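For reference, the structure discussed in these notes is given below.
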Amino acid sequence: MKAQSQRLSTREHYRALVSLLIIPLGVIIIVRASMAGLQAWTLIVLGLAFVGLGIFRLRSYIQYRHPQGLTPDKGKRAK
């Protein structure tokens, strides 16, 4: 059972790494396409999509790893 949870942890780390690498790839595509000019607007949109996808995946990974708001506030008491 523990080996399976370790395997899932490795998978999660791999997914986070891929998400991190997608963002610079998108930036590289945007920079290279912008050097080509406005006729490469489809590549600029593709680069923006990669950056957005990477950010979205990282945010979902962070929310999955650190869930917030699952328990009610214990410090606040009804008066």
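If I filter region 42-64 down to residues being within 11 Å of residue 16 (Cα to Cα) and β-branched (Val, Ile, Thr), which single residue comes out as modelled with the lowest pLDDT?
62
Looking at (1) surrounded by fewer than 13 Cβ atoms within 10 Å (Cβ to Cβ); (2) modelled with pLDDT of 90 or more; (3) under 22 Å from the mean Cα position of the chain (by Cα), find the lone condition where residue 39 falls short.
Going through (1) surrounded by fewer than 13 Cβ atoms within 10 Å (Cβ to Cβ); (2) modelled with pLDDT of 90 or more; (3) under 22 Å from the mean Cα position of the chain (by Cα) one by one, residue 39 breaks only (3).
Quick check, is residue 20 of a type in the set (A, V, I, L, M) and modelled with pLDDT under 95?
Yes.
The values are calculated or read from the model by the stated rules, or taken from the named source; none is laboratory data. Fair warning: this is a prediction, and the values are worked out from it, not measured in the lab. All Cβ positions, glycine included, derive from the backbone under ideal geometry; neighbour counts span all protein chains shown.
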